[in-house]
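Below is one structure, written out as structure tokens; comments come after it.
Each reported figure results from applying straightforward, stated rules to the coordinates on display, with no laboratory input. Because the structure is a prediction, the values reported are computed rather than measured. As a convention, Cβ positions derive from the backbone with ideal geometry for all residues, glycine included, and neighbour counts pool all protein chains shown.
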Amino acid sequence: MSGYRLLENASLEGRNTFRVAARAALLADVYDADALRELLAYPGVQSGPLLLLGAGSNILFVDEVPGLVVSLAMHDIRMLVDHDQHAIVRAEAGVPWNDLVHWTLGHRLLGLENLVLIPGTVGAAPIQNIGAYGVEVGEFIEVVEAFDRHSHNACRMSHADCAFGYRDSVFKRQPDRWIITAVEFRLPRHRELITGYAGVPEELAAMGAATPRAAQVAEAIARLRSRKLPNPVVLGNAGSFFKNPILASAQAQALAERFPGLPVFPAGSEVLRKVSAAWLIEHCGLKGYRDGDAAVSEQHALVLVNHGRASGRHVFELAQQVAVRVFEHFGVALEPEPRIIGATWRPVAA
Ligand code: FAD
Ligand code: EPU
């Protein structure tokens, strides 16, 4: 047995940013992608339950995890193609996302600067097509290298195969079918920087960066993020707990007329609009609402936090309460963004 390490009845408390207690029947830390085939052929593993776990920054454990939890620890980053106009960079699944962003900036490659400081691993980035400050990672993903548990073979998924959407991809729709082992990014050397997101121009101006470089855009966004979001090292959380609801344009407009001030954003099509879930939650009076150690963050209404000893179930039930209140006030159904393990979300509109 080489290339991985197995642990029975493993604690996952230190492996999720909500820092809730949970255990895995079996945990495998994998150091070599070639070991996956052997690991997955184990009796009981091949057809049994399996969960991929990165840094646990978008997951809520409500119950113990049956079967095998796989954590990929391969950490290589390399340039596959290095042209004047662009480069292809390959990063293995276990690379911390923020390390990759800084690596690309160091190599004068553009595209990932707005995604600075997002927690988690490269392997998880395609799952929900991570996005922030006007950029989604899918735009730069050329190939996702994965192990397909259906065919039991390694495969290469093209950008089109990934079917990226807002906080969505083919991987999110068929969880744990593909074990993502590496991601190949096509990154330009020249591109207009995206600096229009609310707060960014002001931050750049405060930095004295009138014509900013990519590293300065990253710095401005890192400063904004640090002010706006609770740090999971200090206060357990998984970032936004709900997706921003996407509504028909007419419904969004009617809602904004009834509730002046509701932020409405484009959603990639003329007939759709995204509305701010944080605003809806705040305007139900729930910002900072606390139920024991589970709470809605005082800093950002879209973030649920664990003040210390909240269980995953406690956080889950708080999330359900928040969704019910928002539905009662606004008739809008919130959907959770993080993966929930051990409980099924009860849609409020049903
Ligand atoms: P995990 O939480 O471990 O897993 C998430 C999902 O990916 C699970 O379904 C898991 O099974 C699956 N998965 C993980 N690794 C693999 C793999 N190798 N192969 C197949 N499936 C896999 N997200 C944003 O999009 N934008 C933000 O701005 C943002 N800000 C955040 C801020 C904070 C403070 C926090 C705590 C979270 C934030 N997030 C944000 C959410 C989170 O950082 C991302 O979703 C991140 O990509 C999760 O990475 P992870 O390694 O922690 O994945
Ligand atoms: N707002 C409130 N109350 C709050 C916080 C925000 O009313 O407590 C309002 C703001 O006034 C603003 C609007 O909500 O008009 C949007 O706020 P923000 O810019 O913070 O963005 P968000 O929609 O809450 C999304 C992503 C974040 C990403 C930021 C920046 C989702 C679900 N969340 O948050 O991603 O970092 O935009 O691009 O799309 C994550 O996915 O975990 C995450 C943190």
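If you build the convex hull over the alpha carbons only and average its shadow over all orientations, what do you get for segment 1-90? Give it in nm² to one decimal.
7.4 nm²
Over what distance in Å are the Cα centres of segment 312-334 and segment 4-54 separated?
So the separation of the two Cα centres works out to 31 Å.
Take the Cα gyration tensor of segment 77-188, multiply each eigenvalue by 5, square-root it, and list the three semi-axes largest first, rounded to whole angstrom.
Gyration-tensor ellipsoid for segment 77-188: 22, 15, 12 Å.
Between ASP76 and SER47, what is 0.36 nm times their sequence separation minus the Cα-Cα distance? Round to one decimal in nm.
7.5 nm
Please identify, among GLU92, GLU142, GLU328, the residue showing maximal mean-square fluctuation in a Gaussian network model of the chain using a 10 angstrom Cα cutoff.
GLU328
Hey, which of these cross-link pairs are over 18 Å Cα-Cα: LYS228/LYS274; LYS243/LYS274; LYS172/LYS287?
Checking Cα-Cα distances, LYS228/LYS274; LYS172/LYS287 exceed 18 Å.
Extending each Cα 7 Å along its Cβ direction at ALA163 and LEU7, get the distance between those two points in nm, one decimal.
Taking the simple label geometry, ALA163 and LEU7 are separated by 3.5 nm.
Please work out, to two decimal places, the log10 of the ratio I(q)/I(0) at q = 0.08, 0.13 Å⁻¹ from a Debye calculation in which every Cα of the chain carries one identical scatterer.
Evaluating at q = 0.08, 0.13 Å⁻¹ gives log10 I(q)/I(0) of -0.40, -1.10.
At R0 = 30 Å, how high is the FRET efficiency between ALA209 and GLU282 if r is their beta carbon distance? Nearest 0.05 is fine.
Efficiency, from the Cβ-Cβ distance: 0.45.
If you take the beta carbon distance between ALA349 and HIS307 as r and set R0 to 25 Å, what does 1/(1 + (r/R0)^6) give as a FRET efficiency, to the nearest 0.05?
Given R0 = 25 Å and the Cβ-Cβ separation, E is 0.25.
From the phi angles alone, apply the Karplus equation (6.51, -1.76, 1.60; θ = phi - 60°) to segment 85-99 and give each ³J(HN,Hα) in whole Hz, x where the residue is Gly or Pro.
Using θ = phi - 60°, the values come out as 8, 7, 9, 10, 10, 10, 10, 7, 4, x, 5, x, 3, 5, 5 Hz.
Suppose each label sits 7 Å from its Cα in the direction of the beta carbon; what would the ARG290-GLN85 distance come out to in nanometres?
Between ARG290 and GLN85, the simple spin-label model gives 5.6 nm.
Which of rounded, prolate, oblate describes segment 202-350, given a ≥ b ≥ c as roots of the alpha-carbon gyration tensor eigenvalues and a/c under 1.5 marking rounded, otherwise prolate only if a/b is larger than b/c?
Verdict is oblate for segment 202-350.
Spin-label point model (7 Å from Cα, Cβ direction): what's the ASP176 to ARG23 distance in nm?
For ASP176 paired with ARG23, the spin-label model returns 1.8 nm.
Name the most mobile residue of GLY165, GLY312, GLY120, meaning the one with the largest mean-square fluctuation, in a Gaussian network model of the chain with Cα contacts below 10 Å.
GLY165
Which residues among segment 100-140 fall inside the zone where the amide N is under 18 Å from a point 7 Å beyond the Cα of ALA198, along Cα→Cβ?
131-135
Once the Cα gyration tensor of segment 273-347 is found, what semi-axes does its equivalent ellipsoid get, as square roots of 5 times the eigenvalues, in whole Å, sorted largest first?
Working from the Cα gyration tensor, I get semi-axes of 19, 15, 10 Å.
May I ask you to compute the full-extension gain from GLU38 to GLN299, defined as 0.36 nm times their residue separation minus their alpha-carbon distance, rounded to one decimal in nm?
Taking 0.36 nm per residue and subtracting the Cα distance, the gain is 89.4 nm.
Provide MET157, MET207 in ascending order of the number of other Cβ atoms located within 10 Å of each residue's Cβ, fewest first.
Least to most surrounded, the residues fall as MET207, MET157.
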